[in-house]
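Below is one structure; the comments refer to it alone.
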Amino acid sequence: MARTKTAPENREAKRILIVEAAIGVFASKGYHSTKMQDIADAVQLAKGTLYEYYVDKEDLFLAVYDHWMSKYEQSMILAVEEHIDPVSKADALIDTTVEFYELHATYAPLLLEFWAHALRSTSDSFLIRIRDMKKRLSVLGAEVTKQMQTLKLFRHIDSDSFAVLELGISDGIFLQWVIDGQSYSLREAYKFRQSVIGSGLMTETLRSLVATKVQKKLQQGFLHTPFKRK
């Protein structure tokens, strides 16, 4: 016999339903042009019902961000936990990032609008949320970098600074990909970035193991790699 959902479970299911409807509306209209009535119409609820779940439009916009980013962050943590050696961990982190961006490629403008809204909002709650998430991800990246150094695969660098820089580079690649109309493989672009950065950080030990592969990637680049848009 199927278990009947409790009131809290029903409420959470309704919250998710509202968030998923809001994604499409925000993506098509943009944050500022979207009205709560638009979202109420999309989810077929009275506008007043939305306010039982979200204080205002910004609260709902933040819920959309949390809906996506909490899954992304958990995937990043799992990517690290599932692998033992740091090289595999680094590859898994890149794969997870690419998969996230590719999955949400249709809503790319919305991802960019999160950042813009965080910077222009009169409330700092949105920006704080983004900074906290970025901080947790940079800690993951710094830990993997330290492990690479412990195994003498990477030259000694300040791992915390490198992790923050890596996040910025990652966001920049995504932004460029969107501006370029997603006309090339995002995955190949990330592999190229990994080869460029890695070639400068690798010790002779690691360089001797992957030199041929890295050199091929550096020469090949990513702009002319055969690519089929999904």
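Values quoted throughout were computed directly from the atomic coordinates according to the rules given, and no laboratory measurement underlies them. Values in this document were obtained by computation on a predicted structure and should not be read as measured data. Quick reminder, even Gly has a Cβ in these numbers, built from the backbone with ideal geometry, and neighbours come from all protein chains shown.
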With bins of 10 Å, the percent of all Cα-Cα pairs of the range 8-54 per bin from 0 is 28, 57, 13, 1
Each label sits 7 Å from Cα toward the beta-carbon; between Thr203 and Thr225 the label points are separated, in nm, by 2.8 nm
The number of Lys pairs in the range 57-220 whose alpha carbons lie under 21 Å apart, excluding pairs fewer than 8 residues apart on one chain, is 17
Rounded to the nearest 10, the angle in degrees between the Cα long axis of helix 86-103 and the longest principal axis of the Cα atoms of the chain comes to 40 degrees
Here the gain from full extension of Ala105 to Gln194, 0.36 nm per residue of separation minus their alpha-carbon distance, amounts to 29.9 nm
Residues whose built amide H sits under 5 Å from the amide H of Phe154, excluding neighbours closer than 5 in sequence, are Gln149, Thr203
Compactness check, the range 82-196: C-alpha Rg relative to the 2.2 N^0.38 Å globular estimate gives 1.15
Simple spin-label estimate for Ser123/Leu167, 7 Å along Cα→Cβ, in nm, reads 2.2 nm
In order over the range 151-157: 3J(HN,Hα) from phi, Karplus 6.51/-1.76/1.60, θ = phi - 60°, whole Hz, x for each Gly or Pro, gives 7, 6, 9, 10, 5, 6, 9
For the chain, the longest principal axis of the Cα atoms and the Cα long axis of helix 125-150 enclose an angle in degrees, to the nearest 10, of 20 degrees
Tilt, helix 186-201 to longest principal axis of the chain (alpha-carbon atoms), in degrees rounded to tens, equals 40 degrees
Two pseudo-spin positions, 7 Å from Cα along C-beta at Lys14 and at Ser88, lie apart in nanometres by 4.6 nm
At q = 0.08, 0.11, 0.15 1/Å the base-10 log of I(q)/I(0) from the Debye formula over the alpha-carbon atoms of the chain is -0.38, -0.68, -1.07
